[in-house]
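Derivation of every value follows stated rules applied to the coordinates shown; laboratory data play no part. In this text, all values refer to a predicted model and were calculated from it rather than measured experimentally. Methodologically, a virtual Cβ is constructed for each residue, glycine included, from the backbone with ideal geometry; neighbour enumeration extends over all protein chains shown.
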Amino acid sequence: MTAQEVLAWNTAKVMIEEGLRPPIVHAATGLCRNRLRSLYRQLHGKSAVQGRTSEFAFNRLKTREQVRESAVFLQFYHDLGGDQIFEVLDHDLVMEAYRTYKDASPNHIDGTTAWYIARDLRESVLKTHRCRNCGRMFLYEPRSDYMIRCPICGG
């Protein structure tokens, strides 16, 4: 196994530990889906959920609380990666930010949603705005009633 493959498997293990499904991990790492499914079963003691997932992060953020939590995750992610997060999708950085965020937030969003947020920011599917009232960065998506103003202060 090459050093690159070892790094890919390490990334895959972290992603699967956080509950990301094998198709997403495959898209991130390029590793064999069957082996990723086996790793998921090994780590979780059950098979991964089958079926389609939401295509975009904003479809996964259905409540005001989830949108609020997405702003908290965004802050951790941006603090770790800076403006580079809008240009490069570093899967290890996403998982590091997610684990840090999850440890700090009892009502956290799931790892899949965090990964979709990171991917959608990089692909400019999601935008960020800075609140005029509280100064916090938040995810902006005009197709979502909850994502058109700051979820923290309502500004």
Under unit Cβ charges (Lys, Arg +1; Asp, Glu -1), what dipole magnitude, rounded to 20 debye, does the chain have relative to its Cα centre? 540
Could you put Val49, Val25, Val125 in order, starting from the residue whose Cβ has the fewest other Cβ atoms within 10 Å? Val49, Val125, Val25
What number, rounded to the nearest 500 deg cm²/dmol, is the helix-based mean residue ellipticity at 222 nm of the chain, given -39500 (n - 2.57) per DSSP H run of at least four residues and division by all its residues? -16500 deg cm²/dmol
For the chain, Cys with no neighbouring Cys Cβ under 4.7 Å: Cys32
For Leu126, which sequence-distant residues (separation of 5 or more, or a different chain) have an amide H within less than 5 Å of its own amide H, given hydrogens modelled in the peptide plane? Leu121
From the coordinates shown, semi-axes √(5λ) of the Cα gyration tensor in Å corresponds to which of (1) 25, 18, 15; (2) 31, 23, 15; (3) 29, 16, 13: (3)
With θ set to phi - 60°, apply the Karplus curve 6.51 cos²θ - 1.76 cosθ + 1.60 along segment 30-47 and write out the HN-Hα couplings as whole Hz, x wherever there is a Gly or Pro. x, 6, 4, 4, 5, 5, 5, 5, 5, 4, 4, 4, 5, 7, 9, x, 7, 6
In nanometres, what is the gap between the two model label sites at Glu17 and Arg99, each 7 Å from Cα along Cα-to-Cβ? 0.5
Counting other beta carbons within 10 Å of each Cβ, put Trp9, Trp115 in order, fewest first. Trp9, Trp115
Expected vector for segment 50-63, Karplus 3J(HN,Hα) from phi with 6.51, -1.76, 1.60 and θ = phi - 60°, integer Hz, x for Gly and Pro, equals 9, x, 6, 10, 4, 6, 10, 4, 5, 6, 8, 9, 9, 10
